[in-house]
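Novice: After the structure tokens below, expect a handful of questions from me.
Coordinate-derived values only; no laboratory data. In this text the structure is predicted, and so the values were computed from the model without any measurement. In this analysis, Cβ positions are derived from the backbone assuming ideal geometry, glycine residues included, and neighbour counts consider all displayed protein chains.
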Amino acid sequence: MKHMLIMRATQAAVEHYENMDFGAVINAMGAYNESMMKAGVLVAGEGLAQEPGYVVEFNGETPVVSDGPYGEIHELFNGFWILQTATAEEAIEWAKRAPLTPGNKLEVRRVTDESDFADYADNEYIEKEKGWREQQAEQSAP
């Protein structure tokens, strides 16, 4: 099953990173990513830039776009990993190994799959999605 590790940081964590040797941060994250690749659990992962960012809110009839990620940083979503693990516990163990500093946290969430939509297997878009995933796999194959 796939799990997503969502990296969140407080303003204090962002400030802490700004005072660290960035080469050391890159090396720690690189080693962590490499360990997940060698274990065969890493599916994808990316860091996210703080700026520019935008938020699209759907509170009214028309979506409203504002600069983001947020006016005040209480908690910043700054990256993610998608892991393929046998259990949630295994994903949690990988999350616990992340080289993050105080003020950071990782949210571990299961990524939905076809089984979550079994009651709608005959839905037009569920069927189309299967085809889209196959097309993507073919396009990304070497």
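Novice: What is the order of Phe58, Phe77, fewest Cβ neighbours within 10 Å to most? Spell out each step's value before the answer.
Specialist: Numbers: Phe58 8, Phe77 14.
If I rank by nearby Cβ atoms, fewest first, I get Phe58, Phe77.
Novice: Now, a different point. If you take the alpha carbon radius of gyration of the stretch 1-57 and divide it by 2.2 N^0.38 Å, what ratio comes out, to two decimals? Don't skip to the end; give the middle numbers.
Specialist: Values: Rg = 14.0 Å, N = 57, 2.2 N^0.38 = 10.2 Å.
Dividing the Cα Rg of the stretch 1-57 by 2.2 N^0.38 Å gives 1.37.
Novice: Further, regarding this structure: How big is the charge dipole of the chain about its Cα centre, in debye rounded to the nearest 20, if each Lys and Arg gets +1 on its Cβ and each Asp and Glu gets -1 on its Cβ? The partial results should precede the final answer.
Specialist: Values: 11 positive and 25 negative charges, 124 e Å.
Dipole magnitude for the chain comes out near 600 debye.
Novice: Here's another thing I want to ask about it. Counting other Cβ atoms within 10 Å, keep those with at most 13, restrict to DSSP loop, and tell me which trypsin sites (Lys or Arg not before Pro) in the stretch 35-142 are left. Each step should come with its number before you reach the end.
Specialist: Details: sites: Lys38, Lys96, Arg97, Lys105, Arg109, Arg110, Lys128, Lys130, Arg133; in loops: Arg97.
Sites meeting the loop and neighbour criteria: Arg97.
Novice: Filter the GluC sites (Glu not before Pro) in the stretch 14-111 to those in DSSP coil with at most 16 other Cβ atoms within 10 Å of their Cβ, and list the result. Please report the intermediate quantities before stating the final value.
Specialist: Working: sites: Glu15, Glu18, Glu34, Glu46, Glu57, Glu61, Glu72, Glu75, Glu89, Glu90, Glu93, Glu107; in loops: Glu61, Glu72, Glu75.
Those that pass, being in a loop and sparsely packed, are Glu61, Glu72, Glu75.
Novice: Over 22 Å apart: what share of the alpha carbon pairs of the chain falls there, rounded to a whole percent? Write out the running numbers ahead of the final one.
Specialist: Values: 5492 of 10011 pairs.
Across the chain, Cα pairs with separations above 22 Å total 55 percent.
Novice: Sort Thr62, Thr87 so the one with the fewest other Cβ atoms within 10 Å of its own Cβ comes first. All intermediate terms of the calculation are to be shown ahead of the outcome.
Specialist: Working: Thr62 7, Thr87 10.
Lowest count first: Thr62, Thr87.
Novice: Of Ala141, Asn59, Tyr125, which is farthest towards the positive pole of the chain's charge dipole, taken about the Cα centre with +1 and -1 on the beta-carbons of Lys, Arg and Asp, Glu respectively?
Specialist: The one lying farthest along the dipole's positive direction is Ala141.
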